[in-house]
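This report refers to the structure that appears directly beneath it.
Each reported figure results from applying straightforward, stated rules to the coordinates on display, with no laboratory input. Because the structure is a prediction, the values reported are computed rather than measured. Please note: Cβ atoms are built from the backbone with ideal geometry, for glycine as well, and neighbour counts cover all protein chains shown.
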Amino acid sequence: MGQRSRVGQAWFAAATGVAALVTAACTSTPPTLPTPALPTSTGSTVSSGVVTPTTTSALPLPGKSHDWIVYQPAREGGLRIARTDTGGSYFQVDGPSGALTNPDWSPDGTWIVFRRGVGNRSSVWRADADGGQASSLLPCSDPCLVMDDPSFSPTGAQIAYASMDTEGVGTLETVELATGRRTVIAAPARNDVFAQPRYSPDGRRLVTELVHRDGGRDVSPVTGSSLVVVDLATTTVGPPMADPALFAEHSDWGSNGLILFDRRLDPASEATDVFTVKPDGSGLTRVTRLADRGGSAGEPSFTPDGHVLFTAQTSATAEYELWVTDLAGRQSRPAVPGATIAGVHARMARGA
């Protein structure tokens with residue numbers, strides 16, 4: 001979590017083992033955006049703070065009066081969508097086989113996008129707010145090998161994603177959902193690749209991981225990770241905002257202008273905490289302090305009200321749990337009151 005040797009390595013294990021991400025040669029098919037269906041999928045109950053599945057068709061879709069979290073369960077595959085005010089009642093993303101990871105909400109909270117991996121190849125899929133009607137959004141075929149980390153623009157008109165081809169060449173790309181038009185924004189130097197892009201509040205820039213690799217492109221060990229800001233109009237990639245040896249990863253860009261991310265405190269330790277920084281690299285501020293107590297905090301994202309949703313590990317051997325805290329890190333609590341949600345890579349939305 002927060003480093004490639006824990007949860008953070010899940011994406012890179014899929015990508016670097018065979019060297020993949022997409023270039024302009026991938027076929028462009030305009031995405032189809034079906035109307036969200038009524039909920040008919042799996043729900044849950046909570047007993048002794050542990051979420052257990054039940055079957056229900058009565059759970060309401062996300063609404064303005066409550067928040068929902070889409071996340072990867074820590075002890076099983078797939079994706080879940082949990083309501084925060086019902087003790088963790090959830091929908092399961094249904095339909096596609098394979099590894100479903102790295103989800104993101106549309107700005108209006110009516111559907112999600114996520115990565116679907118089958119074998120060595122991965123592509124971008126979508127599903128309704130209740131996890132149903134899953135379908136391919138961005139197919140990936142030779143020379144494309146991996147599409148990953150889809151992220152919505154503030155208007156919902158675009159998705160940014162990381163890509164890599166069969167030669168191991170990585171690119172940062174966007175797609176216009178109305179037309180299916182794909183644009184290669186940037187390609188890093190050497191063997192490096194981009195990962196987990198996130199839009200600025202005005203939609204004009206992206207913050208993304210620049211993952212550094214060493215060795216041949218087909219099998220390339222990761223040596224570090226830093227954050228860079230990319231201007232979408234000029235395709236200019238800014239300078240690294242952190243020491244790559246500290247593995248700065250999992251960033252998000254809030255309406256307050258701050259960039260949220262996790263990183264190690266020491267290159268020799270895999271424990272991470274959550275930090276904020278300004279887009280120019282100044283004003284580094286530490287939010288969480290779990291690493292001081294032998295734990296870890298990582299994979300942060302902003303909630304609709306400006307708080308921080310993150311994965312907490314209270315000790316080196318503890319389960320990953322979803323927590324929420326303020327920017328000062330003083331009011332940490334479980335993301336779903338009264339329930340323990342074991343998960344990673346969480347995103348919160350307030351529905352339409």
Residue in region 199-214 that is more than 25 Å from I159 (Cα to Cα) and surrounded by fewer than 22 Cβ atoms within 10 Å (Cβ to Cβ) present: yes
Residues that are touching a residue at least 40 places away in the same chain (Cβ under 8 Å), assigned to a loop (DSSP other than H, G, I, E, B) and of a type in the set (G, A, S), drawn from region 188-215: S200, G203
Contacts under 6 angstrom Cβ, first residue in region 141-169 being at positive phi, partner of a type in the set (G, A, S) and buried (at least 24 other Cβ atoms within 10 Å of the Cβ), 6 or more apart: D149/A162; D149/A195; G168/A19
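Do you know which of the residues in region 87-104 that are assigned to a loop (DSSP other than H, G, I, E, B) and in contact with a Gly (Cβ under 9 Å, 6 or more places away or on another chain) is nearest to G131 (Cα to Cα)? Spell out how you get there, then give the answer.
Let us first name the residues in region 87-104 that are assigned to a loop (DSSP other than H, G, I, E, B), namely 87-89, 93-98.
Next, from what is left, pick out any that are in contact with a Gly (Cβ under 9 Å, 6 or more places away or on another chain): 87-89, 93-95, 98.
Values: G87: 18, G88: 15, S89: 13, V93: 4, D94: 6, G95: 9, G98: 15 Å.
Here the answer is V93.
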D192 being charged (D, E, K, R), buried (at least 20 other Cβ atoms within 10 Å of the Cβ) and within 20 Å of W105 (Cα to Cα): no
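Here is a check on your reading of the model: is I69 within 28 Å of V229 (Cβ to Cβ) and crowded, with 21+ Cβ neighbours inside 10 Å? Steps first, please.
Values: within 28 Å of V229 (Cβ to Cβ): yes; crowded, with 21+ Cβ neighbours inside 10 Å: yes.
Yes: the conditions hold for I69.
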